[in-house]
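**Student:** Got a structure for you, written out below as structure tokens; questions coming shortly.
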Amino acid sequence: MRTRIRVFAAATALLALCGCFQPPQPMRQELDDGLIWMFPGVEGGAWSLEGPYRALRDAGASQAVRIHEWWKPLGSIVNLVSYEQNRADAARIAAQIAAYRQEHPRSAVDLLGYSGGGGVAVMVAESLPEDVRLRHIVLVQPALSPDYDLTTALRHVDGRLFNFYSGNDAWILGAGTTVFGTMDRKYVPSAGKESFQAEKCVSDRVLREKLVQVGWSEEWRAAGHMGFHLGILGYEWNRRFVAPLLAERHSLRENALFTTRSAAGAGAGRQRRSLTRRSAPRTG
């Protein structure tokens, strides 16, 4: 038990060495282009997402970017276990997104959550007013239980909910969430390690088609992600695998189709090893 606590604390301390990055305030044109709301892991702070942010920009994402700040800076375990506070933060962000959509009704909104931030991203989607739509939700090794009910979140999604997971994430999303719990307060290995159990998470078959799960592969290793937890913050991996999903600024209905290439016989919500993007004519 003590060894696991030391490992968990050491890993989150390493994340704190990432620097003091803060994104610039969004400009009017960026707000017109769309909105990406990023959610860091429970160690908290925009500073941990400098690599992913640069990857988005270098991949061509022109949208406004906002980054969630956890209520307890560097309070990794406190942030993880504060379920009611996280729900309250999610409701506050959902209200801001609803206000943004009123001012920019044709601009896409994407949620991008890393580790524990993936849990908050899903909570935000669940807290949205019924008529507020999202384009994509992207979860990067999220600290949610594998059987978490994604139905409510997916009802707000026009595009896809992507789940990037790695079976190699044994300490943080294996032992760590088994001991300290997931964001939804279950004491199990997380979906960021095991993947979501699609049929349990989404009973509706139509909604389940929106769930795309991408497991660790040798291609990730080539991009600098060895499968462990800290790999999710790497610039090159984010540039090659995450950023292209969000670099298209228009809504999915208007301007782009994202397709998946899967192993033969893979069903809805099952593992997809690679993603490809195909342009489509505007329909709106």
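**Student:** Where the second residue is crowded, with 21+ Cβ neighbours inside 10 Å and modelled with pLDDT of 95 or more and the first is closer than 29 Å to V179 by Cα and of a type in the set (D, E) and lies in segment 78-103, which pairs have Cβ atoms under 7 Å and are six or more apart or on separate chains?
**Tutor:** D89/V120
**Student:** With the checklist (1) buried (at least 22 other Cβ atoms within 10 Å of the Cβ); (2) of a type in the set (G, A, S); (3) at pLDDT 95 or above; (4) at positive phi in hand, flag the one item A55 doesn't pass.
**Tutor:** (4)
**Student:** If you don't mind, there's one more thing I want to ask. Checking M123 against (1) under 22 Å from I232 (Cα atoms); (2) in a loop (DSSP other than H, G, I, E, B); (3) touching a Lys or Arg at 6+ places or on another chain (Cβ under 7 Å): exactly one of these is not met. Which one?
**Tutor:** Among (1) under 22 Å from I232 (Cα atoms); (2) in a loop (DSSP other than H, G, I, E, B); (3) touching a Lys or Arg at 6+ places or on another chain (Cβ under 7 Å), the lone unmet condition for M123 is (2).
**Student:** Follow-up. State which residue pairs qualify: first residue in a loop (DSSP other than H, G, I, E, B) and inside segment 21-50, second residue of a type in the set (D, E, K, R) in any location, beta carbons under 7 Å apart, and separation of 6 or more residues or different chains.
**Tutor:** Listed pairs, sorted by first residue: F21/E50; G34/R249; G44/E69; G44/K72; G45/E69.
**Student:** Then there is this: Here are the criteria: (1) at pLDDT 95 or above; (2) surrounded by 20 or more Cβ atoms within 10 Å (Cβ to Cβ). Tell me which single one G269 does not satisfy.
**Tutor:** With respect to (1) at pLDDT 95 or above; (2) surrounded by 20 or more Cβ atoms within 10 Å (Cβ to Cβ), G269 is out only on (1).
**Student:** With respect to the numbered conditions (1) under 22 Å from P40 (Cβ atoms); (2) out of contact with any strand residue (DSSP E or B) (no Cβ under 6 Å at 6 or more places or on another chain); (3) in contact (Cβ under 8 Å) with a residue 60 or more places away in the chain, which one is the sole condition not fulfilled by E209?
**Tutor:** Only one criterion in (1) under 22 Å from P40 (Cβ atoms); (2) out of contact with any strand residue (DSSP E or B) (no Cβ under 6 Å at 6 or more places or on another chain); (3) in contact (Cβ under 8 Å) with a residue 60 or more places away in the chain is unmet by E209, namely (1).
**Student:** Here is a further query. For segment 212-224: of the residues being in contact (Cβ under 8 Å) with a residue 12 or more places away in the chain and in a helix (DSSP H, G or I), which is nearest to the chain's Cα centre (by Cα)? Talk me through it step by step, then tell me what you get.
**Tutor:** Filtering segment 212-224 for residues in contact (Cβ under 8 Å) with a residue 12 or more places away in the chain gives 212-217, 219-220, 223-224.
Subsequent filtering for residues that are in a helix (DSSP H, G or I) retains 219-220.
Working: E219: 20, W220: 17 Å.
If we take residues in segment 212-224 being in contact (Cβ under 8 Å) with a residue 12 or more places away in the chain and in a helix (DSSP H, G or I), then W220 is nearest to the chain's Cα centre (by Cα).
**Student:** Hey, could you check segment 23-48 for residues that are over 17 Å from S62 (Cα atoms) and out of contact with any Ser or Thr (no Cβ under 8 Å at 6 or more places or on another chain) and say which is modelled with the highest pLDDT?
**Tutor:** As a first pass, look at segment 23-48 and keep what is over 17 Å from S62 (Cα atoms): 39-48.
Restricting the remaining residues to those that are out of contact with any Ser or Thr (no Cβ under 8 Å at 6 or more places or on another chain) gives 39, 45-48.
Details: F39: 98, G45: 83, A46: 90, W47: 90, S48: 92.
Here the residue is F39.
**Student:** Regarding segment 225-243, can at least one residue be identified that is modelled with pLDDT of 95 or more, surrounded by fewer than 19 Cβ atoms within 10 Å (Cβ to Cβ), in a helix (DSSP H, G or I) and among the charged types (D, E, K, R)?
**Tutor:** The answer is yes, given that some residue of segment 225-243 is modelled with pLDDT of 95 or more, surrounded by fewer than 19 Cβ atoms within 10 Å (Cβ to Cβ), in a helix (DSSP H, G or I) and among the charged types (D, E, K, R).
**Student:** For segment 191-208, check the following and say yes or no: at least one residue is touching a helix residue (DSSP H, G or I) at 6+ places or on another chain (Cβ under 9 Å), among the β-branched types (V, I, T) and surrounded by 21 or more Cβ atoms within 10 Å (Cβ to Cβ).
**Tutor:** yes
**Student:** Determine the pairs where a residue that is at positive phi, located within segment 133-158, has a partner that is surrounded by fewer than 24 Cβ atoms within 10 Å (Cβ to Cβ) with Cβ atoms under 9 Å apart, the partner being 6 or more residues away or on another chain.
**Tutor:** Final answer for the pair search is Q141/G231.
The values are calculated or read from the model by the stated rules, or taken from the named source; none is laboratory data. Small disclaimer: the values here were computed from a predicted structure and weren't measured. Methodologically, a virtual Cβ is constructed for each residue, glycine included, from the backbone with ideal geometry; neighbour enumeration extends over all protein chains shown.
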